Amino acid sequence: MDEAPGLSDQYRTASPWPVFIALGIPISELGLLFGLFPLAVGGLLLFGGSVVGMLSESGYVGSTMRALIGFSVILFGFGAALAFTDINLVARGYAVITAAALLVFGGVVFELFVREQRQDI
């Protein structure tokens, strides 16, 4: 009798990204709900980086940088809608815009330094 039926060495282990996505959403929501700038930015960075990491790991995107820019454009649009409308949510909008800018910066750093280092190995 086989102890682990249906499992073989050809399958990889489970991906860690869903856990970070599940943590990023409530952290960013708590930060946005209560107007806590660092918590909102950190949660959005965790959520955005995890979504892009999952897409990259599964092969849905060819370039991590393009995926980060696409996600950052969505965040920037949401942040601009919060910050520049008549609704009094300016600080929350600035937190989302800051997270979008930091995601683009992180993507540029990844493309310039980490990607080249990985190809040299």
Which members of region 65-93 meet the condition of being outside any helix (DSSP H, G or I) and either in contact with a Leu (Cβ under 8 Å, 6 or more places away or on another chain) or more than 17 Å from L33 (Cα to Cα) (or both)?
-> F84, T85, D86, L89
Only one of (1) closer than 18 Å to I97 by Cβ; (2) surrounded by fewer than 13 Cβ atoms within 10 Å (Cβ to Cβ) is not met by G43, so which one is it?
-> (2)
Within region 95-115, the count of residues that are touching a residue at least 40 places away in the same chain (Cβ under 8 Å) and β-branched (V, I, T) comes to 3
Only listed residue being within 13 Å of the chain's Cα centre (by Cα), surrounded by 13 or more Cβ atoms within 10 Å (Cβ to Cβ) and modelled with pLDDT of 85 or more, chosen from A83, A67 = A67
Per-region count, region 29-57, residues touching a residue at least 24 places away in the same chain (Cβ under 8 Å), farther than 16 Å from V104 by Cα and part of a helix (DSSP H, G or I) | 6
What is the one condition in (1) farther than 15 Å from F20 by Cα; (2) assigned to a helix (DSSP H, G or I); (3) of a type in the set (G, A, S) that G62 does not satisfy?
-> (2)
In this structure, is V108 in a helix (DSSP H, G or I), more than 11 Å from the chain's Cα centre (by Cα), at pLDDT below 85 and among the aliphatic types (A, V, I, L, M)?
-> yes
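The values are calculated or read from the model by the stated rules, or taken from the named source; none is laboratory data. Computed from a prediction, not measured in an experiment: that's the story for all the values here. Every residue, glycine among them, receives a Cβ derived from its backbone with ideal geometry; neighbour counts consider all protein chains shown.
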